[in-house]
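Participant: My questions all concern the structure below.
The values are calculated or read from the model by the stated rules, or taken from the named source; none is laboratory data. All values reported here derive from a predicted model rather than from experimental measurement. We place every Cβ from the backbone using ideal geometry, glycine too, and count neighbours over all the protein chains shown.
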Amino acid sequence: MVTDSRIPGFYKMSIEERRKVLVERTGLSEEELKVLDCGLEISLADKMIENVIGTIQIPLGIATNFRINGKDYLIPMATEEPSVVAAASHAAKLALPEGFTAKSTPPVMRGQLQILQVKDLEEAKNRILKFKGELVKKANRFADILPKIGGGVKDLGVRIVGPPEDSMMVVEFFVDCRDAMGANTVNTILEGIAPEVEQIVQGRVLLRILSNLATERMVKATVLYKKENIGGEEVVDNIVKAYKFAYYDPYRATTHNKGIMNGITAVTLATTNDTRAIEAGAHAYASLTGRYLPLSRWYKNSSGDLVGELEVPIALGIVGGATKTHPVAQLSLKILGVRTANELAEVACAVGLAQNFAALRALATEGIQRGHMELHARNIAIMAGAAGDLVDKIAEQMVKERTIRISRAKELLESTQGKTG
């Protein structure tokens with residue numbers, strides 16, 4: 001277990017030095033870290049998806065300084081976007097010593113049966129509810145070992161959706177998936193119980209599918225930033241005003257939420273969980289009121305300090321699927337040291353809130369481009385053909401000039417090479 005997530009100067013270290021620190025802080029062995037060099041073997045990739053021709057690599061970084069519910073974490077984040085890992089680490093540092101608090105509801109997923117050709121929807125609904133206990137019991141026969149470990153089908157509900165001329169019945173089973181994300185298990189349960197439901201309602205089941213809007217699987221993270229740690233009460237006020245812009249305007253809210261997902265998605269990808277499901281669920285949740293709203297909330301407390309809250313559905317797993325087969329995912333989970341899927345979701349939510357704060361603070365003070373472009377300049381230098389120490393040298397010059405363009409990078413590269421040629 002990580003005892004201290006603070007690693008001064010981590011960003012200045014070489015890759016070898018960072019790996020050495022990981023070994024010291026997490027108990028990983030040098031042998032275990034070798035998986036970072038080979039990544040995903042092509043033979044394994046060929047068994048994971050269809051028509052495989054190769055693999056693609058995304059940078060995997062470590063966010064430092066995170067303390068969540070009193071526990072320190074080093075957090076693997078997989079992302080191609082500059083400044084994301086650095087911003088999360090800095091935002092987490094500013095929240096110390098208290099750090100973040102997070103809590104989550106049980107890992108319950110919703111499985112849906114779409115039922116057509118029902119003559120009397122209200123009567124059929126009442127029949128389903130009459131046999132509710134029996135249906136839950138029978139559905140659990142298809143839940144594998146879940147009922148034995150405290151999970152399984154816990155409840156069901158019935159809804160009638162659509163306008164009168166196109167209405168249909170939806171029977172929903174609520175499944176506690178324990179430490180799995182749950183898609184395969186829920187879909188298996190639905191396939192198994194569908195004939196029983198058809199017989200009761202005298203209709204035809206069409207779709208049998210899990211919903212990725214996991215409103216029963218919610219996570220909430222909270223953080224308090226002391227005004228003196230983030231630039232004073234004026235900065236607090238500006239961040240609150242920036243949040244209100246997102247609250248009133250869906251165009252701004254979209255980018256606001258994208259910043260949150262920069263953090264959540266990076267943790268999701270690092271553990272090879274389903275990024276599309278997490279993204280879809282979050283954005284659907286942001287729209288549940290009929291307006292697209294920011295997922296987070298920021299306000300000033302009576303002491304003039306900044307309080308942030310983020311509540312979002314997050315369905316992550318630590319067993320099954322690619323999470324169990326991908327070697328880097330297994331390494332990421334070991335670095336995190338999470339023991340349950342709920343703990344992983346709480347970590348992801350806290351990272352999303354930290355990412356959101358970092359973006360809002362940058363926007364409300366120096367502007368988003370300064371830190372972002374400093375890192376982006378490196379990519380431009382590489383695109384221009386720079387390598388080794390020249391990447392940082394050319395990037396630093398472009399930032400100094402505030403001219404971050406590939407044409408300028410090429411000019412600087414040619415000039416530098418001419419001097420050393």
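Participant: Any idea which of 214, 139, 143, 124 is of a type in the set (A, V, I, L, M), within 30 Å of residue 70 (Cβ to Cβ) and in contact with a Gly (Cβ under 8 Å, 6 or more places away or on another chain)?
Facilitator: Result: 214 is the single residue among 214, 139, 143, 124 that is of a type in the set (A, V, I, L, M), within 30 Å of residue 70 (Cβ to Cβ) and in contact with a Gly (Cβ under 8 Å, 6 or more places away or on another chain).
Participant: Could you tell me which of the residues 293, 288 is surrounded by fewer than 19 Cβ atoms within 10 Å (Cβ to Cβ) and closer than 26 Å to residue 212 by Cβ?
Facilitator: Checking each option against the conditions leaves just 288.
Participant: Can residue 214 be described as modelled with pLDDT of 95 or more, of a type in the set (Gly, Ala, Ser), surrounded by 15 or more Cβ atoms within 10 Å (Cβ to Cβ) and assigned to a helix (DSSP H, G or I)?
Facilitator: Here the answer is no, as residue 214 does not meet what is asked.
Participant: With (1) over 22 Å from residue 329 (Cβ atoms); (2) within 18 Å of the chain's Cα centre (by Cα) as the list, and residue 70 as the residue in question, which single condition is left unmet?
Facilitator: So residue 70 meets the others, but not (2).
Participant: From the list 70, 9, 54, 27, exactly one residue is closer than 14 Å to residue 350 by Cβ and either at pLDDT below 95 or exposed (fewer than 13 other Cβ atoms within 10 Å of the Cβ) (or both). Which is it?
Facilitator: Unique residue meeting the criteria: 70.
Participant: Name the single residue, out of those in the stretch 292-340 being under 16 Å from the mean Cα position of the chain (by Cα) and polar (S, T, N, Q), that is modelled with the lowest pLDDT.
Facilitator: The residue in question is 323.
Participant: Go through the stretch 183-192 and count every residue that is touching a Lys or Arg at 6+ places or on another chain (Cβ under 6 Å) and buried (at least 16 other Cβ atoms within 10 Å of the Cβ). Walk me through how you get there before you give the answer.
Facilitator: Initially, the stretch 183-192 is screened for residues touching a Lys or Arg at 6+ places or on another chain (Cβ under 6 Å), giving 190-191.
Subsequent filtering for residues that are buried (at least 16 other Cβ atoms within 10 Å of the Cβ) retains 190.
Within the stretch 183-192, residues that are touching a Lys or Arg at 6+ places or on another chain (Cβ under 6 Å) and buried (at least 16 other Cβ atoms within 10 Å of the Cβ) number 1.
Participant: Only one of 203, 192, 231, 263 is in contact (Cβ under 8 Å) with a residue 24 or more places away in the chain, outside the structural domain of residue 149 (by TED's automatic domain parsing) and farther than 22 Å from residue 316 by Cα; which?
Facilitator: Only one candidate qualifies: 231.
Participant: What are the residues in the stretch 42-92 that are without any contact (Cβ under 8 Å) to a residue 60 or more places away in the chain and of a type in the set (Asp, Glu), if any?
Facilitator: Across the stretch 42-92, the qualifying residues are 46, 50, 80.
Participant: From the list 127, 110, which residue is surrounded by fewer than 19 Cβ atoms within 10 Å (Cβ to Cβ), over 30 Å from residue 306 (Cα atoms) and not small (Gly, Ala, Ser)?
Facilitator: 127
Participant: Every residue in the stretch 204-245 that is farther than 22 Å from residue 103 by Cβ, within 25 Å of the chain's Cα centre (by Cα) and among the polar types (S, T, N, Q), please.
Facilitator: Within the stretch 204-245, 211 is the sole residue that qualifies.
Participant: Find the residue count for the stretch 159-182, including only residues that are farther than 20 Å from residue 120 by Cβ and either in the same structural domain as residue 340 (by TED's automatic domain parsing) or buried (at least 21 other Cβ atoms within 10 Å of the Cβ) (or both).
Facilitator: Residues in the stretch 159-182 being farther than 20 Å from residue 120 by Cβ and either in the same structural domain as residue 340 (by TED's automatic domain parsing) or buried (at least 21 other Cβ atoms within 10 Å of the Cβ) (or both): 9 in total.
Participant: Among the helices (runs of 4 or more DSSP H) confined wholly to the stretch 77-170, which include 1 or more residues that are within 18 Å of residue 199 (Cα to Cα) and among the acidic types (Asp, Glu)?
Facilitator: Because the criterion is at least 1 residues that are within 18 Å of residue 199 (Cα to Cα) and among the acidic types (Asp, Glu), the helices (runs of 4 or more DSSP H) in the stretch 77-170 that meet it are 121-130, 132-139.
Participant: How many of the residues in the stretch 400-415 are at pLDDT 85 or above and under 17 Å from residue 389 (Cβ atoms)?
Facilitator: Residues flagged as at pLDDT 85 or above and under 17 Å from residue 389 (Cβ atoms) within the stretch 400-415 amount to 5.
Participant: Can you list residue pairs whose Cβ atoms sit under 8 Å apart, with the first residue in the stretch 144-164 being basic (Lys, Arg) and the second being surrounded by 14 or more Cβ atoms within 10 Å (Cβ to Cβ) and at pLDDT 95 or above? Count only pairs 6 or more apart in sequence or on different chains.
Facilitator: Listed pairs, sorted by first residue: 154/108; 154/136; 154/174; 154/175; 154/176; 159/169; 159/170; 159/172.
One line per residue, one yes/no per condition, for (1) under 14 Å from the mean Cα position of the chain (by Cα); (2) within 30 Å of residue 129 (Cα to Cα); (3) not polar (S, T, N, Q):
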site	(1), (2), (3)
197	no, yes, yes
267	yes, no, yes
274	yes, no, yes
286	no, no, yes
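Participant: Further question: I'd like the full set of residues that are modelled with pLDDT of 90 or more and of a type in the set (A, V, I, L, M, F, W, C), limited to the stretch 358-383.
Facilitator: 358, 359, 360, 362, 363, 364 - these are the residues of the stretch 358-383 that are modelled with pLDDT of 90 or more and of a type in the set (A, V, I, L, M, F, W, C).
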